[in-house]
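What follows is a set of notes on a single structure, which appears directly below.
The values are calculated or read from the model by the stated rules, or taken from the named source; none is laboratory data. Computed from a prediction, not measured in an experiment: that's the story for all the values here. So basically every Cβ, Gly included, is an ideal-geometry build from the backbone, and we count neighbours across all protein chains shown. Note: accessible area is taken over every heavy atom of the protein model, side chains too, but ligands, DNA and RNA are not part of it. Shrake-Rupley method; radii C 1.70, N 1.55, O 1.52, S 1.80 Å.
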Amino acid sequence: MTAPDDERALPLPAAWARSAPARALRTTVHRALLGPYVCARARPSVEGAEHLAGLTTPVVFVANHASHLDTPLILAVLPPPVASRLAVGAAADYFFRSPLTGAATALFFNAFPVRRGTPGRTGGRGRDRVVRGTARRLLEEGWHVLLFPEGTRSRDGRLGAFGTGAARLCLRTGAPAVPVALTGTHAVMPCGARLPVRGAPPVSVRFGRPIGAAPGESAPDFRDRMRESVHALRRSA
C-alpha cells in the first residue's frame with residue numbers, strides 16, 4: 001500500500017486534461033469564446049503584466065477570491081504562453097463532486113482538485129495537502145499553478161485570511177509566488193449569481209513581482225508576506 005506522503009507514486013488527477021487534444025480545445029474555447037465574453041462583461045484593466053515577461057521557471061500564482069469570474073478572468077488576461085501552461089487548484093467538494101462537473105472543470109480550466117480546510121486555520125491538514133502530490137508534481141513538470149489561499153470566495157469582496165498551503169508548496173518546491181489582486185469581480189458576479197451582472201463597474205487585475213521565501217522563513221511568515229503583497233496591490237487600485 002502506498003504511503004500517504006508518497007503521493008508522487010499516484011496518478012495525477014485529471015491528467016487527461018493536459019493532453020495535446022484537450023489543450024488545443026481549451027485554448028480555442030478561451031480565445032474564441034470565454035475570454036472575449038469575460039472581458040466584455042468585466043472590462044478589466046490589467047497592470048503588472050511586465051512582471052511575467054521574464055518567467056523562466058514555474059511559479060505559483062496566489063490570488064484573492066471573490067467570484068467564480070476570477071479564474072476565467074485571470075486566464076483571459078495572462079500572456080498566452082503563461083495561460084497555456086497554467087493549472088488551477090479548484091475545490092474538490094464543489095467542482096469535483098460529480099463526474100460531469102469535474103470533467104468539465106478539468107477540461108475547460110485545466111483544474112485539479114484541492115481539498116479545502118477551514119479558512120484562516122493554520123496548518124489544517126485538508127488545505128495543506130496541496131503541498132504534496134498534484135500541485136508539486138505539476139510544478140516539477142513545468143506547469144504554473146494558480147491557487148486561492150483564502151480557500152473560498154469572499155462574501156463581501158474583502159480580503160480574507162490566507163491558509164498556509166500555497167506557502168508550504170513554495171517552500172517545498174522553491175517556486176516563487178506571484179501575487180494577483182482582483183478588484184471588482186464581486187460586483188460583477190457575486191456569490192449566488194450564475195452570470196455576470198450587467199452595468200457593474202469595471203474590474204482590475206494587478207500582478208505583483210514574483211517573491212521567494214527567505215532562507216529559514218516559516219510557512220506562516222511567508223503566507224503573511226504573500227497576503228500583504230496581495231493587499232498592497234488591492235490598495236493601489
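Apart from one condition, ARG227 fits all of (1) closer than 18 Å to ASP70 by Cα; (2) part of a loop (DSSP other than H, G, I, E, B); (3) charged (D, E, K, R); (4) touching a strand residue (DSSP E or B) at 6+ places or on another chain (Cβ under 9 Å); the exception is (2). Scanning the range 180-210 for residues that are surrounded by fewer than 18 Cβ atoms within 10 Å (Cβ to Cβ) and at pLDDT 95 or above gives a single hit, ARG209. Exactly one residue out of ALA181, ALA200, ALA187 is small (Gly, Ala, Ser) and part of a loop (DSSP other than H, G, I, E, B): that is ALA200. If the condition is being open to solvent by 30 Å² or more (accessible area, probe 1.4 Å), in a helix (DSSP H, G or I) and in contact (Cβ under 8 Å) with a residue 12 or more places away in the chain, then the range 37-48 contributes CYS39, ARG41. Taking into account only those residues within the range 57-95 that are open to solvent by 50 Å² or more (accessible area, probe 1.4 Å) and assigned to a loop (DSSP other than H, G, I, E, B), which is farthest from ALA166 (Cα to Cα)? Per the stated criteria, the residue is HIS68. Go over the candidates PRO113, PRO21, PRO58 one by one and state the one that is in contact with a Gly (Cβ under 8 Å, 6 or more places away or on another chain) and at pLDDT 95 or above. Step by step, each of PRO113, PRO21, PRO58 is checked, and only PRO58 is in contact with a Gly (Cβ under 8 Å, 6 or more places away or on another chain) and at pLDDT 95 or above. Residue-level check: of (1) in a helix (DSSP H, G or I); (2) at pLDDT 95 or above, ARG8 misses just (2). Take the conditions (1) under 19 Å from VAL46 (Cα atoms); (2) in contact (Cβ under 8 Å) with a residue 12 or more places away in the chain; (3) surrounded by fewer than 20 Cβ atoms within 10 Å (Cβ to Cβ); VAL230 misses just one of them, which is (3). Would you be able to say whether some residue in the range 49-56 is acidic (Asp, Glu), more than 22 Å from PHE162 (Cβ to Cβ) and in a helix (DSSP H, G or I)? Checked the range 49-56: at least one residue is acidic (Asp, Glu), more than 22 Å from PHE162 (Cβ to Cβ) and in a helix (DSSP H, G or I). Screening PRO21 with (1) open to solvent by 30 Å² or more (accessible area, probe 1.4 Å); (2) under 30 Å from SER236 (Cα atoms); (3) more than 16 Å from the chain's Cα centre (by Cα) gives one miss only, at (2). When LEU195 is tested against the conditions (1) over 17 Å from the mean Cα position of the chain (by Cα); (2) more than 25 Å from ALA42 (Cα to Cα), the lone failure is (2).
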